[in-house]
1. Any residue in the range 590-601 that's open to solvent by 70 Å² or more (accessible area, probe 1.4 Å): show its pairings with residues that are at pLDDT below 60 and among the basic types (Lys, Arg) at Cβ separation under 6 Å, as long as the two are six or more apart or on different chains.
2. Output the helices (runs of 4 or more DSSP H) that fall wholly within the range 291-408 and possess 2 or more residues being within 28 Å of Arg585 (Cα to Cα), or say none.
3. Out of everything in the range 251-300 that is polar (S, T, N, Q) and more than 20 Å from Pro182 (Cα to Cα), what residue ends up being least open to solvent (accessible area, probe 1.4 Å)?
4. Mind listing whichever residues of the range 415-429 are open to solvent by less than 20 Å² (accessible area, probe 1.4 Å) and either part of a helix (DSSP H, G or I) or at positive phi (or both)?
5. Thr388: modelled with pLDDT of 90 or more, within 30 Å of Pro443 (Cα to Cα) and open to solvent by 10 Å² or more (accessible area, probe 1.4 Å), yes or no?
6. So, in the range 62-79, exactly how many residues are modelled with pLDDT of 90 or more, open to solvent by less than 10 Å² (accessible area, probe 1.4 Å) and hydrophobic (A, V, I, L, M, F, W, C)?
7. Looking at (1) crowded, with 24+ Cβ neighbours inside 10 Å; (2) modelled with pLDDT under 90, which is the one condition that is false for Phe82?
8. Given the criteria under 14 Å from the mean Cα position of the chain (by Cα), farther than 23 Å from Arg464 by Cα and hydrophobic (A, V, I, L, M, F, W, C), does Ala67 qualify?
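The values are calculated or read from the model by the stated rules, or taken from the named source; none is laboratory data. Because the structure is a prediction, the values reported are computed rather than measured. Here the Cβ is made from the backbone with ideal geometry for all residues, glycine too, and neighbour counts use every protein chain on show. When the accessible area is computed, the model is the full protein with side chains, heavy atoms only, and any ligands, DNA or RNA have been set aside. Shrake-Rupley method; radii C 1.70, N 1.55, O 1.52, S 1.80 Å.
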Amino acid sequence: MPGSRRRREVRMERVLGTPALFATAYGNVGSSIYYALGLTAVFALGLTPLVFVVAGIVFAATAATYAEGTVRFPEAGGSSSFARHAFDELISFGAAWAQMLVYIVTIATSAFFVPHYLSIFWEPLKSNPWDIVGGAVVVVLLVTLNIVGVTEAAKLSIGLAVIDFATQVLLVLLGFALVFSPETLVDNVHWGTAPTWENLAIAIPVAMLAYTGVETVSNLAEEAREPQESVPNAYKLVALAVFAIYFTLPLIALSALPVKLIDGELTTLLALPPEDGGYANDPILGVVDNLGLSGGLLDTLELYVGVLAATILLIATNAGIIGASRITYSMATYRQLPEVFRKLHPKLKTPYIALVLFAGIAPIILLLPGDVTFVGTLYSLGATLSFTVAHAAMVQLRVRPDPAVTYRARPNVSIAGVQWPLFAIFGGLATGASFVVILAQNPLTRWVGLGWIVLGFVGYTVYRLRWVRAGLRETVKAPPAFGAALALAYRRIVVPIVPGRPSDDALDVACRLAAERGARVVALTVIEVPLELPLDADLPEEERLANDELDEAMAVGDTYGVRVVGRLVRGRSASVEIVREAERRGAEIIVLGSPRKDLTRRRGVFGSTVDRVMRRAPCRVMVTASRQRSAA
């Protein structure tokens, strides 16, 4: 049977389960080691390994917040989405504007370090002005490719992420075998002198550069079939892998490149620019050069690490560009930014204005000074603000619990009937304090960062009051776009799937609609759990049948050239879960299948579930009436 064969083929590769989510997220988070190590060493010196441990604990708390928040709201947006549900649109805008800054700085930083690692082929790429030129070329090239519409190969990115992690593990193992020295690490520490207490304080938020891309899982959660399981597990694996690398690799780096007196100052070559003989611009190549290897083996390893690092950083730059375009479109959809940022190119059907401004011009402006430290502290400013809002939103969401939520991160403490999230409270205090430290310690970062925030809120206020004519705290969604932007009018289509001809017809209609408009179809199967059973009851046969239906839906999508994302949820009422899924995803339309009924009957025309969805849906509803008359 063709359907059975398609199901078997699809079952071999589920849509973004835990391994795929982990690999994709690590591809973004793990890329930051190629610049975060040097930037952190500038401030932390011999305490760099300890600083990464402290930052890792904060990251673990942040990952727990994002895991629970993403399970609650499996949609792109991260802290902005959490804030919208927990507070209001004004705070959501603040989080989104901070995220925008993070994406811009991520693009600038990743692109800036690409030529540093390609300097193995041409030495001048390691320093100004050629690293600025090279970084700008990378940005222009990738923005152009995104405007043209060239998509990233997901399997290639995941494969490179796995190779990247394996390479980092290899360097750690080689380092422990060849250069690791506990005595050197102890001698590297000069409390209060190298580093000073002020530099140590700022080193912790700067070390959060190591966690660039923590929102990747959140942005991809809407493509996961069962996010309540895969999302928390992916975050745990990412936290574990990142912590393992950032705990061990700095130990190797500071053993190979110890703190010593250089030109009358205690420092390490990790913290010095290339013109002073240091490796701040390519710290991982610095580690390779000082492992004690020589000859052909050293040359081969340098070439391999240089090319791999440049490739990973290219992918990270592209991920930042995609993230900037997504957050821009989302903000324009919720009337936080003017409608022009949703405008698509008449022929290419891509948001070219948003890409040119936020992913092209803005990152290049940050590149021009060629100051790595400024870019790093500016990233930390935006990230700590965004993380703080996410933690605060999680605390607020716990005060207003949702009985439908089946996953809660730990640890928690129960007080006055509320399960207070200790991880979010600790994480919020830590990231909030880090934000204050950056503002206090770095004048240039302070004024640029505050200028960005003030510019955003002033623009938001004027736009909302003058053009939208809505309150600052009110959630307002833009109507479907017209003209060239019609291609994104139905960007998210939800199709409930049950066995039978009506659902098949509905899926066919949805896929044709998606193929015409470049949209994504979400095939939703609801397992209705009887009231006498808990929501997480073991229902293996129902799950098997539901997964078979979703596999078939994905295979049908393939025949149309449409990406179909399967989603399996549990609930007491199918209509309630369909409406809830549409709300979570910000769907523009729900396509429902229903058998034709005898119109002489006085009951609902399409059936109780369809009728309830039509009454309660937050978006348009299309009903396809199957030619097959119901048995009734």
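1. Qualifying pairs under 6 Å: Arg596/Arg629.
2. 295-333, 372-399
3. Taking the candidates together, the pick is Asn281.
4. Matches in the range 415-429: Phe423, Ala424, Gly427, Gly428.
5. Taking the combined requirement at face value, the residue satisfies it.
6. 0
7. All conditions are met except number (2).
8. yes
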